[in-house]
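Only one structure is covered here, and it is reproduced in the block below.
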Amino acid sequence: MSDNRKPSANACPKCQPRSALGLALCILLGFAPAAVWAESAPTLRLVTGDNYAPFSDQNLPWGGLATHLVRYLFEQIDQAVEIDVTGWSTGYQAALDGDYAGTFPYIESQQRLNDYLYSGPLFTVSSYAYVDQSSTINASSPEDLAGLSLCLPEGFAHGPALNPLVESGSITRITPSDMPSCFAMLQSGEADFVKINRYVARELLRNAGVPHSAIRALPFPVETVSMHFIAPRNQNGSPALIARVNQALADLQQDNEYARFVDDYLTIIYPRQMPSSSAP
């Protein structure tokens, strides 16, 4: 499915062009004419997944924060893109097969590093182990999770902290098709814990109508990871593409513009209360 939805004219009534980024953001929000793409640059096809709010989710404005950011970065390098949304595993393989120039947002794993080149970090987030509120599970480190069952959907990486425990069989992985299923299994007792970053956890619970108090984060970050745009190593144009994305990222990170970009988006989807920067 292509992410070609157009924002409404009143999507951001307080949008003001405080800077070059502010002006670009207003353009994306529908307050100025669309950018004129370089006629010589063919449209690149990219792919992402779904149900990973606030980063990639078809129910959020512009397909989520990661989709919004990637589209903006390519606009800065005068490169038209078409972004499709499909299953995570399906999109990952389709890019390797040459159907797409790249995919996002992905954290590092050894297999992915073998298959793809990575951009600089799009985001850096901490992931936590979430259990049902009624659970008696207590842990203070990833090693304390041995003997439990972890729910992660297809296409999701265990991450460096949990990978040795999963590979050795100390942690049993359950793999449904999507993350909402993992939280349902958590509440039904079919899974002991879910490993996910706090933004995604909050969005999934909110969309399911489940109060955040229904789950409990164990009191330590399992890992702090970065999310990236990735391009297949088997495509000749990937090194140059990654270099161009990195340059656009570097330009955006000057003068705190990146933080403003992210904050402006999160303010749209969390208009009343931003999640605490420290609480899981």
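Some points to look at:
- For E143 and A214, the FRET efficiency from 1/(1 + (r/R0)^6), where r spans their Cβ atoms and R0 equals 22 Å, is about 0.25.
- Heavy-atom accessible area for T267, with the other protein chains in place and a 1.4 Å probe, reaches approximately 50 Å².
- Carbon and sulfur %, accessible surface of the range 110-161 computed with the full protein complex present, 1.4 Å: 48 percent
- Formal net charge of residues neighbouring A248 (Cβ-Cβ distance under 12 Å; K, R +1; D, E -1): -2
- Per atom type, the range 61-102 shows carbon and sulfur on 43% of its accessible surface, probed at 1.4 Å.
- Cβ-defined net charge surrounding S238, 15 Å radius [Lys, Arg +1; Asp, Glu -1]: +1
- Here N234 and R206 are evaluated by their C-beta separation; at R0 = 35 Å the FRET efficiency comes out at 0.35.
- Accessible-area value, L69, 1.4 Å probe, nucleic acids and ligands omitted, Å²: 0 Å²
- Rounded to the nearest 10 Å², the accessible area of I174 at probe 1.4 Å: 40 Å²
- Mean accessible surface per residue for the range 43-197, computed with a 1.4 Å probe while every protein chain stays in place, in Å²: 37 Å²
- Ordering V210, I269, V245 by the projection of their Cα atoms onto the charge dipole of the range 204-275, which places +1 on the Cβ of Lys and Arg and -1 on the Cβ of Asp and Glu, puts V210 at the extreme positive end.
- All other residues whose Cβ lies under 15 angstrom from that of T136 are scored, Lys and Arg at +1 and Asp and Glu at -1, for a net of -2.
The values are calculated or read from the model by the stated rules, or taken from the named source; none is laboratory data. This structure is a prediction, so every number in the text was calculated from the model and none was measured. We place every Cβ from the backbone using ideal geometry, glycine too, and count neighbours over all the protein chains shown. When the accessible area is computed, the model is the full protein with side chains, heavy atoms only, and any ligands, DNA or RNA have been set aside. Shrake-Rupley method; radii C 1.70, N 1.55, O 1.52, S 1.80 Å.
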